[in-house]
């Protein structure tokens, strides 16, 4: 599973986010589910830039299971690590539902 991380220009100190994203995804997406994925794309953004505000960090994740359409989720939080963790948990649940049902969406 390849992990591709994208960010907007307003985020600084972004290098540690890649390591955190890999750790969180490996914790939440396990075993056969991980083997079925070709890649996971992650977009993180600060919706209010320097203005701040509650839950202004957004993380969008899109998993690409082999032979199926992508599965995407989005989470908002006060900081990037919390947004990454929330999105990874949502993604694991969404993949569990999608892959367990055996529904092929093409």
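Throughout, read-outs are computed from the coordinates displayed, never taken from laboratory work. Just so it is clear, the model here is predicted, and its values are computed rather than measured.
Take every DSSP beta bridge whose two residues both sit in the stretch 2-101; close to 75 percent of them are antiparallel.
At q = 0.17 Å⁻¹, what base-10 log of I(q)/I(0) does the Debye formula yield for the stretch 2-101 when every alpha carbon is treated as an equal point scatterer in vacuo? Cα-only, vacuum Debye calculation for the stretch 2-101: -0.70.
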